[in-house]
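Only one structure is covered here, and it is reproduced in the block below.
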Amino acid sequence: MDDALTETIRARGHENVRGEHESTFEVTSDDWLTPAGDCILAVEADRTPAEFSPEFVEACRSREATITARLEVTPVGSNDGAEPLVETITGRGDPELTFESDRSLVGRTSDYVDDRTVLVEADSAAVDVDRELVAALAAGAEATLTLSVE
């Protein structure tokens, strides 16, 4: 990924993280989460799509773009130097992506696009995320989401 453009978002888990949605995953800047938010993996994101660089956004607006979301989580209470839990989801770009949301970002297994969408045709959704990683997020673990586009 040496030629990849990247955006990094830091967030944290929440006691209501369930990771059960079958077609999306989401990271939000909100500081709360209800049990109904079954696609949300992390809250209190320090950045939103509206803040991404113009170069990153433009690169994502191609159907040929490969966009990778790498979620790295260190479980609460882990010793320093403990290996983080990592989940990688890959999708593609789309000319309709706007990156205008100032609240949250969503990856989708479908080709639906709205202002929150950061990738489409993802190879997995919240329900597919490793259950140990979801449990760590439900326990309030810190999370780093790195989006890369090639």
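For ASP30, state whether it is farther than 23 Å from GLY140 by Cα, in a loop (DSSP other than H, G, I, E, B) and either modelled with pLDDT under 95 or acidic (Asp, Glu) (or both). First the steps, then the outcome.
Working: farther than 23 Å from GLY140 by Cα: no; in a loop (DSSP other than H, G, I, E, B): yes; either modelled with pLDDT under 95 or acidic (Asp, Glu) (or both): yes.
When the stated conditions are applied, ASP30 does not pass them.
Out of the residues in the stretch 76-107 that are in a strand (DSSP E or B) and of a type in the set (Ser, Thr, Tyr), state the one that is farthest from ASP46 (Cα to Cα). Steps first, answer last, please.
Of the residues in the stretch 76-107, the ones in a strand (DSSP E or B) are 85-92, 104-107.
Next cut, of a type in the set (Ser, Thr, Tyr) only: 88, 90, 104.
Numbers: THR88: 20, THR90: 22, SER104: 10 Å.
Once the filter is applied, the top-ranked residue is THR90.
Taking the stated definitions as given, is GLU51 surrounded by fewer than 22 Cβ atoms within 10 Å (Cβ to Cβ) and in contact with a helix residue (DSSP H, G or I) (Cβ under 6 Å, 6 or more places away or on another chain)?
So GLU51 fails the test.
I'm told VAL118 meets every condition in (1) surrounded by fewer than 22 Cβ atoms within 10 Å (Cβ to Cβ); (2) in a strand (DSSP E or B); (3) among the β-branched types (Val, Ile, Thr) except one. Can you identify the failing condition by its number?
(1)
Out of GLU7, GLU26, GLU15, which single residue is surrounded by fewer than 20 Cβ atoms within 10 Å (Cβ to Cβ), under 20 Å from ALA125 (Cα atoms) and touching a helix residue (DSSP H, G or I) at 6+ places or on another chain (Cβ under 8 Å)? Steps first, answer last, please.
Numbers: GLU7 fails: surrounded by fewer than 20 Cβ atoms within 10 Å (Cβ to Cβ); GLU26 fails: surrounded by fewer than 20 Cβ atoms within 10 Å (Cβ to Cβ).
Only one candidate qualifies: GLU15.
Restricted to the stretch 121-149, and to residues that are over 12 Å from the mean Cα position of the chain (by Cα) and in a strand (DSSP E or B), which residue is surrounded by the fewest Cβ atoms within 10 Å (Cβ to Cβ)? Lay out the reasoning, then the answer.
Restricting attention to the stretch 121-149, the residues satisfying the condition of being over 12 Å from the mean Cα position of the chain (by Cα) are 121, 123, 127-128, 130-142, 149.
Now drop any that are not in a strand (DSSP E or B), which leaves 142, 149.
Working: GLU142: 18, VAL149: 25.
Looking at the filtered set, the residue picked out is GLU142.
Which of (1) over 22 Å from GLU132 (Cβ atoms); (2) assigned to a loop (DSSP other than H, G, I, E, B); (3) among the β-branched types (Val, Ile, Thr) is the odd one out, the single condition THR6 does not satisfy?
Only one criterion is unmet by THR6, namely (2).
Quick grid of which residues meet (1) buried (at least 20 other Cβ atoms within 10 Å of the Cβ); (2) under 15 Å from the mean Cα position of the chain (by Cα); (3) under 24 Å from GLU22 (Cβ atoms):
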| site | (1), (2), (3) |
| --- | --- |
| ALA69 | yes, yes, yes |
| PRO84 | no, no, no |
| THR88 | no, yes, yes |
| GLY93 | yes, yes, yes |
| THR98 | no, no, no |
| LEU105 | yes, yes, yes |
| SER110 | no, no, yes |
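Any idea which of (1) part of a strand (DSSP E or B); (2) more than 20 Å from GLU44 (Cα to Cα) is the one SER62 doesn't satisfy?
(1)
Can you tell me which residue is farthest from ALA122 (Cα to Cα) among those in the stretch 65-104 that are among the acidic types (Asp, Glu) and in contact (Cβ under 8 Å) with a residue 12 or more places away in the chain? Even if it seems obvious, please write down each step before you answer.
We begin by selecting, within the stretch 65-104, every residue among the acidic types (Asp, Glu); these are 72, 80, 83, 87, 94, 96, 100, 102.
From what is left, the residues that are in contact (Cβ under 8 Å) with a residue 12 or more places away in the chain are 72, 87, 94, 96, 100, 102.
Details: GLU72: 18, GLU87: 13, ASP94: 12, GLU96: 16, GLU100: 20, ASP102: 22 Å.
Looking at residues that are among the acidic types (Asp, Glu) and in contact (Cβ under 8 Å) with a residue 12 or more places away in the chain, I get ASP102.
Among (1) crowded, with 19+ Cβ neighbours inside 10 Å; (2) over 15 Å from GLY91 (Cα atoms), which single condition is CYS60 missing?
(2)
Checking GLU150 against (1) within 18 Å of THR28 (Cβ to Cβ); (2) acidic (Asp, Glu); (3) in contact (Cβ under 8 Å) with a residue 60 or more places away in the chain, only one condition comes out false. Which one?
So the condition that GLU150 fails would be (1).
The values are calculated or read from the model by the stated rules, or taken from the named source; none is laboratory data. Because the structure is a prediction, the values reported are computed rather than measured. Counting neighbours? That spans all protein chains shown, and the Cβs are built from the backbone with ideal geometry, glycine included.
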